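Peer 1: There's a structure below that I have some questions on.
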Amino acid sequence: MPGERPITRNALLTLGVVAVVALLLAWVQGAGGAKLNDTLALFAIWGIAALSLNLINGTTGILSLGHHGFMLIGGYVTALLILPDSARQQISSSARSAMTPFTLGLSVESWFAALGLEALTTPGTLWVRFVVALFIGGLVAMLFGLIVGIPSLRLKGDYLAIVTFGFGEIIRLTASTSLFAPFTNGALGYAGVPSDFGKSLGWTFALLGITLFVLTKLKFSSHGRALQAIREDEIAAEAMGVSLARHKVMAFTISAFFAGIAGGLWVSYLSAARLDFFLFFLTFFFLVAISVGGTGSYTGVLMGTAVVVFVQQYGDPLERTYPLETWFAILGALVLAAGLGGAAFRRRKRLRPVWHPLTILLAGIGAVVLAVALLFPDAAAFDGTFQAFGMRRILLAVLLITIMALRPEGIMSRAEFSWAWLLRERRAEPSDDERAQDAWLTNPDLNRAGAAAADGAAGSAAGSAADGAAGAADPVEPYDYASDHPSAQGDPLPRALLDDDGPGAHPLLERGTKPRDVQRHGVAGDPDFHPDAPDDGASGDADDDGGDAGGGATDDGDEGRT
Amino acid sequence: MKKMLALLVTLGALLGVSTAQEPVTIGVNLELSGRFATIGTSTLQGIETALEERATVDGRPIELSICDNQTTPEGSINCAARFVDEGVVGVLGSISTTMSIAAANPLQEAGVIMISTSSTNPATTQIGDHIFRMAYTDDFQGKVAARHAVNELGAERAIVFRQQDDDYSFGLAGFFADEFEALGGETITLDFVANTVDFSAQINDARGFDADVIYYSGFCAEGASLMPQLRQQGFDQQILGADASDDSQCPTGGGEAFDGYLLTGFGGPEVLSGDAAARAEDFASLFDVVFPDAPDFNGFTLAGADSFNVLVQAIDDADSTDGDAVLEALQNLEGYPGVSGEITYAGTDGTPADRTIAFFQYAVPGEDGSEWSKASLFGVGTGE
């Protein structure tokens with residue numbers, strides 16, 4: 001029923017947001033100050049790199065540590081191809097330069113001139129040359145992605161991580177050897193790369209938008225689903241006909257292409273190409289962004305990148321000199337917040353007691369330190385000041401620990417942002433899971449009791465059962481949570497544990513059984529077998545579901561009714 | 001009446017009457033955390049000591065806006081952008097060429113003066129007319145070391161260790177080797193990369209080459225591992241280093257392997273003569289008062305102090321904080337009596353014309369029972 005989906009509305013909303021963002025960026029570029037402008041440009045560039053790394057790490061589930069190598073290739077190629085003549089002359093006149101006339105002549109401008117496209121060699125059309133150079137940089141990085149991707153086919157997990165890390169370092173180190181020095185100018189690198197693009201919010205955010213669009217489209221395409229299948233279980237994916245080799249190499253090459261684009265923007269942002277612009281730290285920051293935002297979620301990765309970039313760039317007030325009582329007040333407030341947050345967390349998770357001794361201890365210590373620092377700022381213990389550089393990295397580390405402790409799957413987990421989620425919409429049509437369940441519940445071969453009830457209630461065709469929200473209209477009795485509730489009072493487990501989001505939110509918990517059982521027993525052709533048949537006993541079913549107490553409890557309740 | 005008063009005050013502010021006590025802000029972009037943190041701290045202490053010495057200019061207090069670039073290029077750009085927003089008169093720093101080049105472009109575009117304290121790569125000052133440096137360039141330092149090795153130490157064969165992925169080390173090693181060979185010597189260059197801890201491969205390569213002298217153009221992070229390994233493997237030749245070894249990390253990290261280690265660096269009071277020596281002496285004693293616990297008083301301290309001094313002098317000469325006026329004053333600066341010798345920018349591309357480089361020698365353990373000490377031997381001027 002695609003017609004019911006508000007595609008037009010979503011597209012309009014997206015367009016509106018894009019327009020608002022574009023206006024905001026235009027304003028920042030005009031009047032927002034250099035620091036905000038540079039920070040946003042850095043966010044966009046690192047965002048492209050982190051998104052592309054997420055294609056390998058998040059969607060395909062391969063831990064890759066060599067992303068800075070792909071960025072280096074894209075960056076150096078782009079820089080070499082658009083380097084202005086004045087910078088080339090400086091390099092050729094330098095005593096230590098390793099570049100040859102041939103490599104110094106590699107420039108998009110001279111190619112255009114040779115092709116007779118004089119109009120494209122003017123300063124006004126630098127952007128055309130930059131786009132061409134950027135694209136070529138991406139393609140060369142893609143080629144290296146292919147080279148890294150092929151040996152990775154035989155490897156998994158930690159071994160593959162080591163290989164990719166090795167490749168990243170090999171790329172960086174061979175770039176400085178005499179073999180590649182004619183192309184990279186060795187350790188000296190290039191200075192004078194035009195910075196008009198890496199610092200332009202229009203260019204960086206347009207490319208970020210393209211990257212986000214392509215990668216999310218890819219994720220939900222059949223190729224993307226194959227990549228996700230590889231992440232979940234390689235053997236199962238292969239058994240289902242997914243070509244491991246093709247898809248892994250595809251992930252590496254596409255990821256390397258966008259990493260190359262990010263590298264090209266990065267050298268433009270830094271207006272130079274040098275080997276120590278491409279240290280392993282870059283990959284490390286992208287990994288942090290991916291973990292914080294949610295492995296596999298592109299919108300989440302952007303949030304993670306924002307956290308990393310803004311803490312790094314706007315954390316400098318932390319490194320000023322403050323009196324000790326201020327530091328203790330901040331420390332006390334943080335510890336108090338940790339204690340209160342712990343209690344709130346336990347309350348939300350319905351853990352008893354809410355006020356665990358540890359949370360009381362934390363909140364108490366925090367409150368005492370805060371109170372002392374606020375009430376007696378002149379105490380002898382607070383004599384003096386404290387200041388340390390590197391505090392923002394500490395803050396970043398603390399943030400990372402907090403997020404990982406509270407939400408190990410990251411801010412967004414694997415979900416993507418969607419308008420339906422933002423507007424708190426419920427789906428009008430059943431999900432795949434629900435369809436499968438309905439099919440099982442109303443199939444007389446599998447579920448005699450349920451199918452009989454369905455036959456008696458209405459003549460509707462099997463499988464067209466209504467959605468989970470409108471449970472009252474459902475022909476199968478146990479669907480209705482409200483009428484199910486009284487019989488559940490004798491349950492060994494408190495029902496309160498299950499109704500976090502109210503009726504209708506968890507169809508799997510309420511429908512009494514799960515299609516997984518059917519698959520497991522694989523007895524579609526055997527009319528006598530039924531996992532939930534009364535003579536089979538509820539206990540047997542509960543044993544099957546050992547890990548899922550909630551499902552087991554609901555089963556018991558349903559059993560009582562049939 | 002109140003309205004009149006407010007109007008007068010506003011008018012006064014517009015005319016610049018009430019700005020007499022408004023501070024002059026100078027940006028400081030240094031590597032205060034990360035790989036070069038020790039060098040950055042030395043430089044910052046030099047700047048702060050110079051600020052103690054000269055706290056006002058044209059009757060206005062001087063204020064430092066200190067920014068830590070974390071030894072990262074994006075951090076350096078972030079600092080530059082912050083200074084552009086703050087509207088500082090000029091920027092001091094940064095130390096390394098990589099961070100200096102990253103900050104130099106946006107500052108040049110915004111028309112803000114930048115004085116890199118110790119970037120030695122020629123490319124830094126070629127970025128634009130607003131970019132200056134306090135140090136000499138690599139070719140001078142490499143040549144001085146090579147001449148000393150050949151003429152004074154009588155060396156004919158040299159092993160050169162260079163950090164292949166660092167332009168400072170790479171360039172310096174090249175200049176040393178070129179000069180050494182021009183003087184009739186023979187060299188072999190061995191490469192390593194940042195954060196190397198095990199140098200057995202390079203040492204094996206060095207074994208076949210019967211050298212009289214070893215030249216090390218890298219930083220202390222790696223040098224502190226390399227020197228003890230060389231000594232253990234029986235290399236007892238004289239080792240020569242460059243100003244990157246002018247860092248307490250070397251003798252404290254490498255221990256007795258640094259006993260007798262020679263290095264070139266910014267000249268201090270011992271090698272200067274006349275007024276310059278007296279000024280440097282005064283500065284050194286003030287430094288001891290301001291930072292009694294500082295581990296280092298070295299060339300980076302002096303470079304930091306003098307970059308501050310010349311900028312303040314230019315503001316003083318220009319009698320304003322207007323960027324163009326200060327720039328003109330700085331470009332015409334001639335024979336400024338700095339704590340590291342006389343400084344002249346007139347007629348140069350931003351590299352001071354006359355600098356004195358000095359030879360130092362480490363003693364581990366130090367003479368008076370201290371952990372280590374550094375003796376200043378003699379100085380060589382750029383003109384010589």
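The values are calculated or read from the model by the stated rules, or taken from the named source; none is laboratory data. This one's a predicted model, so the numbers in the text were calculated from it and none came from an experiment. No Cβ is skipped: glycine too gets one built from the backbone with ideal geometry, and neighbour counts run over all protein chains shown. These accessible areas exclude ligands, DNA and RNA; they are computed on the full protein's heavy atoms, side chains included. Shrake-Rupley method; radii C 1.70, N 1.55, O 1.52, S 1.80 Å.
Peer 1: For segment B:213-229: of the residues being buried (at least 21 other Cβ atoms within 10 Å of the Cβ) and among the aliphatic types (A, V, I, L, M), which is nearest to the other protein chains (Cβ to nearest Cβ)?
Peer 2: Result: B:Leu226.
Peer 1: Got a number for residues in segment A:173-193 being surrounded by fewer than 21 Cβ atoms within 10 Å (Cβ to Cβ) and either facing chain B (nearest Cβ under 9 Å) or of a type in the set (A, V, I, L, M) (or both)?
Peer 2: 3
Peer 1: Does A:Ile82 satisfy the condition of being crowded, with 23+ Cβ neighbours inside 10 Å, over 24 Å from B:Pro106 (Cβ atoms) and in contact (Cβ under 8 Å) with a residue 12 or more places away in the chain?
Peer 2: The answer is no for A:Ile82.
Peer 1: Restrict the check to segment A:11-18 and report whether at least one residue is open to solvent by less than 50 Å² (accessible area, probe 1.4 Å), assigned to a helix (DSSP H, G or I), under 25 Å from A:Trp421 (Cβ atoms) and of a type in the set (S, T, N, Q).
Peer 2: No, there is no match, as no residue in segment A:11-18 is open to solvent by less than 50 Å² (accessible area, probe 1.4 Å), assigned to a helix (DSSP H, G or I), under 25 Å from A:Trp421 (Cβ atoms) and of a type in the set (S, T, N, Q).
Peer 1: Return yes or no: is A:Phe213 buried (at least 20 other Cβ atoms within 10 Å of the Cβ), assigned to a helix (DSSP H, G or I) and either away from chain B (no Cβ under 14 Å) or in contact (Cβ under 8 Å) with a residue 40 or more places away in the chain (or both)?
Peer 2: Criteria not met by A:Phe213.
Peer 1: Residues A:Arg88, A:Arg154: which one is free of Cβ contacts under 8 Å to residues at least 60 places away in the same chain, over 24 Å from B:Gln163 (Cβ atoms) and within 31 Å of the chain's Cα centre (by Cα)?
Peer 2: Of A:Arg88, A:Arg154, the one residue that is free of Cβ contacts under 8 Å to residues at least 60 places away in the same chain, over 24 Å from B:Gln163 (Cβ atoms) and within 31 Å of the chain's Cα centre (by Cα) is A:Arg154.
Peer 1: Which of (1) closer than 20 Å to B:Gly90 by Cβ; (2) surrounded by fewer than 20 Cβ atoms within 10 Å (Cβ to Cβ); (3) of a type in the set (Val, Ile, Thr) is the odd one out, the single condition B:Thr301 does not satisfy?
Peer 2: That leaves (2) as the condition not met.
Peer 1: Is it fair to say A:Phe252 is more than 10 Å from every other protein chain (Cβ to nearest Cβ), open to solvent by 10 Å² or more (accessible area, probe 1.4 Å) and in a helix (DSSP H, G or I)?
Peer 2: no
Peer 1: Scan segment B:134-164 for residues that are within 14 Å of chain A (Cβ to nearest Cβ), among the charged types (D, E, K, R) and either in contact with a strand residue (DSSP E or B) (Cβ under 9 Å, 6 or more places away or on another chain) or surrounded by fewer than 21 Cβ atoms within 10 Å (Cβ to Cβ) (or both) and jot them down.
Peer 2: B:Asp139, B:Lys143, B:Arg162
Peer 1: OK, next. Answer yes or no: is there a residue in segment B:171-193 that is part of a loop (DSSP other than H, G, I, E, B) and among the acidic types (Asp, Glu).
Peer 2: No - not one qualifying residue is present in segment B:171-193.
Peer 1: List the strands (runs of 3 or more DSSP E) inside segment B:266-384, counting only whole elements, that have at least 3 residues being closer than 22 Å to B:Met114 by Cβ.
Peer 2: B:341-343
Peer 1: Looking only at segment A:290-308, which residues are out of contact with any Ser or Thr (no Cβ under 6 Å at 6 or more places or on another chain), open to solvent by less than 10 Å² (accessible area, probe 1.4 Å), more than 14 Å from chain B (Cβ to nearest Cβ) and in a helix (DSSP H, G or I)?
Peer 2: A:Ile290, A:Val292, A:Gly293, A:Gly300, A:Val301, A:Gly304
Peer 1: Ok, one more. Is it fair to say A:Gly224 is in a helix (DSSP H, G or I), small (Gly, Ala, Ser) and open to solvent by 30 Å² or more (accessible area, probe 1.4 Å)?
Peer 2: no
Peer 1: Of the residues B:Asp198, B:Asp210, B:Asp205, B:Asp236, only one is in a loop (DSSP other than H, G, I, E, B), open to solvent by 30 Å² or more (accessible area, probe 1.4 Å) and in contact with a strand residue (DSSP E or B) (Cβ under 7 Å, 6 or more places away or on another chain); which?
Peer 2: B:Asp210
Peer 1: Hey, among the residues in segment B:100-111 that are closer than 19 Å to B:Glu31 by Cβ and more than 9 Å from chain A (Cβ to nearest Cβ), which one's surrounded by the fewest Cβ atoms within 10 Å (Cβ to Cβ)?
Peer 2: B:Leu107
Peer 1: Among the residues of segment B:239-281, which ones are in contact with a strand residue (DSSP E or B) (Cβ under 7 Å, 6 or more places away or on another chain) and without any contact (Cβ under 8 Å) to a residue 60 or more places away in the chain?
Peer 2: Matches in segment B:239-281: B:Ile239, B:Gly241, B:Ser245.
Peer 1: Same structure, new question: Before we move on, is A:Ala329 in a helix (DSSP H, G or I), away from chain B (no Cβ under 14 Å) and farther than 30 Å from A:Thr211 by Cα?
Peer 2: Yes; evaluated as a whole, the condition is true for this residue.
Peer 1: If you don't mind, another one. Does A:Val311 satisfy the criteria of being in a helix (DSSP H, G or I) and more than 14 Å from chain B (Cβ to nearest Cβ)?
Peer 2: no
Peer 1: Still on this structure, please answer the following. Which residues, taken from segment A:37-79, are away from every other protein chain (no Cβ under 13 Å), within 21 Å of A:Met412 (Cα to Cα) and either of a type in the set (A, V, I, L, M) or open to solvent by 10 Å² or more (accessible area, probe 1.4 Å) (or both)?
Peer 2: A:Ile48, A:Ala50, A:Leu51, A:Leu53, A:Leu55, A:Ile56, A:Asn57, A:Gly61, A:Ile62, A:Leu63
Peer 1: Quick one: in segment A:194-210, which of the residues that are within 14 Å of chain B (Cβ to nearest Cβ) and not hydrophobic (A, V, I, L, M, F, W, C) is most open to solvent (accessible area, probe 1.4 Å)?
Peer 2: A:Asp196
Peer 1: I would also like to ask the following. Can you confirm whether A:Leu279 is away from chain B (no Cβ under 14 Å) and either in contact with a helix residue (DSSP H, G or I) (Cβ under 8 Å, 6 or more places away or on another chain) or open to solvent by 30 Å² or more (accessible area, probe 1.4 Å) (or both)?
Peer 2: Here the answer is no, as A:Leu279 does not meet what is asked.
Peer 1: Here's another thing I want to ask about it. Kindly provide the set of residues from segment B:74-99 that are within 7 Å of another protein chain (Cβ to nearest Cβ) and either out of contact with any Lys or Arg (no Cβ under 8 Å at 6 or more places or on another chain) or open to solvent by less than 10 Å² (accessible area, probe 1.4 Å) (or both), ordered by number.
Peer 2: Scanning segment B:74-99 gives B:Glu74, B:Ile77, B:Asn78, B:Ala81, B:Thr98.
Peer 1: Right, another one. Across segment A:210-225, what is the total count of residues that are modelled with pLDDT of 95 or more and of a type in the set (Gly, Ala, Ser)?
Peer 2: Residues in segment A:210-225 being modelled with pLDDT of 95 or more and of a type in the set (Gly, Ala, Ser): 0 in total.
Peer 1: Need the failing condition index for B:Leu30 against (1) within 14 Å of chain A (Cβ to nearest Cβ); (2) touching a residue at least 40 places away in the same chain (Cβ under 8 Å); (3) open to solvent by 10 Å² or more (accessible area, probe 1.4 Å); (4) of a type outside the set (D, E, K, R), just the number.
Peer 2: It is condition (3) that B:Leu30 fails.
Peer 1: Of the residues A:Gln29, A:Gln90, which is closer than 22 Å to A:Ile261 by Cβ and not hydrophobic (A, V, I, L, M, F, W, C)?
Peer 2: From the options A:Gln29, A:Gln90, the qualifying one is A:Gln29.
Peer 1: Go through segment A:357-387 residue by residue and tally those that are part of a loop (DSSP other than H, G, I, E, B) and either hydroxyl-bearing (Ser, Thr, Tyr) or open to solvent by 70 Å² or more (accessible area, probe 1.4 Å) (or both).
Peer 2: The qualifying residues number 3.
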